[in-house]
Structure formats: C-alpha cells, structure tokens
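The values are calculated or read from the model by the stated rules, or taken from the named source; none is laboratory data. All of these numbers come straight from a predicted model, not from anything done at the bench. Cβ atoms come from the backbone with ideal geometry, glycine included; neighbour counts cover every protein chain shown.
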C-alpha cells in the first residue's frame, strides 16, 4: 500500500486539491441555491407551473441541456462529497432538482423530508432570514 501511495503522489495531490475545491464550491454554491428555493416548493403533491414552457423552443432546448448538464455535475460532485469533504447530500439534492427524469418531484420530496436534511436546509434558511421550507 505504501508503495502504491508513493508511486501515485501526483494523483493523490490532484484528489486532495479537487476535494478542497469541491469543499469551497459547496460552501458557496449550495447555500446560494438552497436559499433561492421558494418556501412552498415542496408543499404541493404535484409540481407547480413549468417555467420553461413559455420560452421559444430553441431557447427552451438550450436551457434544458445546460440545466441537465449542471445537474449531472452537481450530483456527481455530491456523490464524491459523501466520501470527501463537502456537503454531499445537499449538493446531490440541488443537482437532482436541476435534472429532468420521471418521479423526480416525489424523490425530491422524500429526500427533503428526511429529518437531517430538512433540519439542515431550514437551519441554513433561518440563518439568512428566509422562511423555512414547508412540506
């Protein structure tokens, strides 16, 4: 094991640096996104009005691609943060909220309803003067 560590020092430095960057990004981006969620976002059993429906089809397609790519990156980063420093569960939740897939809203509501996640999100929202989420 020690031989492998010595032979792969560059890889280990890159992993440490990327872990640190993800920690900093998580500390900045995740709270910003969580604070932008309307307090009643999860209060309904079904998803409310779709924002992108009113856009031109080309703009709507481009925004959907960008949104899904960003969501995929955040989910992957969140999965890494489960074992590396960072806010893994919150990052996964934010990434999933950007992705489009069947049953997404039910899954989001289920994740947010977990006591630890719900407390963390509402603690952050209270700290910055936002109304708590309503389930």
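Could you tell me whether the range 36-49 includes any residue that is under 24 Å from residue 128 (Cβ atoms), touching a helix residue (DSSP H, G or I) at 6+ places or on another chain (Cβ under 7 Å) and either surrounded by 12 or more Cβ atoms within 10 Å (Cβ to Cβ) or touching a residue at least 40 places away in the same chain (Cβ under 8 Å) (or both)?
yes
Taking the range 1-17 on its own, how many of its residues are outside any helix (DSSP H, G or I) and modelled with pLDDT of 80 or more?
Residues in the range 1-17 being outside any helix (DSSP H, G or I) and modelled with pLDDT of 80 or more: 1 in total.
Assuming residue 60 fulfils every condition listed in (1) more than 27 Å from residue 82 (Cα to Cα); (2) more than 21 Å from the chain's Cα centre (by Cα); (3) at pLDDT below 80 apart from one, which condition is it?
(3)
Hey, residue 26 hits all of (1) in contact with a helix residue (DSSP H, G or I) (Cβ under 6 Å, 6 or more places away or on another chain); (2) in a loop (DSSP other than H, G, I, E, B) but one; which does it fall short on?
Against the list (1) in contact with a helix residue (DSSP H, G or I) (Cβ under 6 Å, 6 or more places away or on another chain); (2) in a loop (DSSP other than H, G, I, E, B), residue 26 comes up short only on (2).
Farther than 27 Å from residue 15 by Cα, out of contact with any strand residue (DSSP E or B) (no Cβ under 7 Å at 6 or more places or on another chain) and surrounded by 13 or more Cβ atoms within 10 Å (Cβ to Cβ) - does that describe any residue in the range 61-81?
yes
So in the range 107-135, with the set limited to residues that are touching a residue at least 40 places away in the same chain (Cβ under 8 Å) and closer than 16 Å to residue 27 by Cα, which one is surrounded by the fewest Cβ atoms within 10 Å (Cβ to Cβ)?
The extreme case among them is 128.
For the range 94-106, indicate whether the set of residues that are surrounded by fewer than 14 Cβ atoms within 10 Å (Cβ to Cβ) and either touching a helix residue (DSSP H, G or I) at 6+ places or on another chain (Cβ under 9 Å) or closer than 15 Å to residue 133 by Cα (or both) is non-empty.
Yes - at least one qualifying residue is present in the range 94-106.
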